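Presented below is the structure to which this report refers.
The values are calculated or read from the model by the stated rules, or taken from the named source; none is laboratory data. These figures come from a predicted structure and were not determined experimentally. Here the Cβ positions follow ideal geometry from the backbone for every residue, glycine too, while neighbour counts run over all protein chains shown.
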Amino acid sequence: MILQVDDIEVLYEQVILAVRNVSLAVGEGQVVALLGANGAGKSTSLKAIAGLVRAERGEVVRGRILYQGEEVTRRAPQALAARGLVQVLEGRHCFAHLSVEENLLAGAFARPRVSRAQLREELERIYAWFPRLKTRRRSLAGYTSGGEQQMVAIGRALISRPRLVLLDEPSMGLAPQIVEEIFEIVAALNREEGVSFLIAEQNIEVALRHAHHAYVLESGRVVDQGPAQEIARREDLHAFYLGGQAAQG
Ligand SMILES: Nc1ncnc2c1ncn2[C@@H]1O[C@H](COP(=O)(O)OP(=O)(O)OP(=O)(O)O)[C@@H](O)[C@H]1O
Ligand SMILES: [Mg+2]
């Protein structure tokens, strides 16, 4: 297992119980989907793993998180990133006033000792995965499309050569075709570079099609889990757990 989360509970501002009871695991080289409706606790779970809840006055008050077999509960995000665990936040945060390339380079902070030549090589590696970004490398990120901004956010995470990437709703607000393109790149990165992914998604259909395993969250709890193909066959999934989005699926 590259990641193991044992029964965590997360509170914001000492009173708001956002995650009550979440246990999950990501095997080495796996793509795992974390499904759930608005407010189910997907983002909070990812932020707890990446050490980011504290920045929002949140705290993991119970349970533990193991990364590559070592307990990392409450560890700082920079320390985790240096060990290869990075998160791409919900809403594809880019530095709007920086170019696409400058945004990508900003992700290299996790590896402070790389040379210029190595950085160049890493950039070319990212451009090979996301050819659209190469053509837009000099554009200000703020002027690129939503899909390109999501690619910038993912590319920035990948430049530090992570082993586990936490992706928070990569499909949000994007057209189906671009969502498909992004998920196909993620699946290829997983296959060819062995990067593991934990992906929070409300777009159940596309997430299950690209994941090996899935967990379903409801009100801060894991209420269902299994191989993605099995979860995809549950006809009651949408109606019971996922806010009745069946019409979209
Ligand atoms: N920074 C915060 N401070 C206080 N409460 C928060 C904060 N962030 C989230 N919450 C609350 O925690 C619960 C879980 O929210 P979370 O954002 O983790 O859900 P989610 O599954 O990611 O939802 P969405 O699909 O809308 O992104 C919600 O009740 C939410 O209102
Ligand atoms: Mg969220």
Looking at region 160-178, which of the residues that are buried (at least 21 other Cβ atoms within 10 Å of the Cβ) and among the aliphatic types (A, V, I, L, M) is farthest from LEU85 (Cα to Cα)?
LEU167
Condition test on LEU34, is it within 23 Å of GLU70 (Cα to Cα), at pLDDT 95 or above, in the same structural domain as SER196 (by TED's automatic domain parsing) and within 16 Å of ligand 2 (Cβ to nearest atom)?
yes
Scanning region 43-70 for residues that are hydrophobic (A, V, I, L, M, F, W, C) and not in a strand (DSSP E or B), which turns out farthest from ligand 2 (Cβ to nearest atom)?
ALA55
Options VAL31, VAL15, VAL19, VAL60: the member that is closer than 24 Å to ILE231 by Cα and more than 8 Å from ligand 1 (Cβ to nearest atom)
VAL31
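Go through ARG92, ARG136 for me and flag whichever is more than 30 Å from LEU35 (Cα to Cα) and crowded, with 16+ Cβ neighbours inside 10 Å.
Exactly one of ARG92, ARG136 is more than 30 Å from LEU35 (Cα to Cα) and crowded, with 16+ Cβ neighbours inside 10 Å, namely ARG136.
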Condition (residue is under 14 Å from LEU164 (Cβ atoms) and touching a residue at least 24 places away in the same chain (Cβ under 8 Å)) applied to region 92-107: is it met by at least one residue?
no
Per-region count, region 1-33, residues buried (at least 17 other Cβ atoms within 10 Å of the Cβ) and outside any strand (DSSP E or B):
2
Residue by residue through region 75-105, note down the ones that are within 18 Å of the chain's Cα centre (by Cα), more than 16 Å from ligand 2 (Cβ to nearest atom) and aliphatic (A, V, I, L, M).
ALA76, ALA79, LEU80, ALA81, ALA82, LEU85, VAL86, LEU104
May I ask you to say which residue of LEU198, LEU242, LEU217 is modelled with pLDDT under 95, over 28 Å from ARG120 (Cβ atoms) and of a type in the set (A, V, I, L, M)?
LEU242
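Mind checking which residues of region 166-199 are within 15 Å of the chain's Cα centre (by Cα), among the hydrophobic types (A, V, I, L, M, F, W, C) and more than 16 Å from ligand 1 (Cβ to nearest atom)?
Passing the criteria: ILE182, PHE183, ILE185, VAL186, ALA187, LEU189, VAL195, PHE197.
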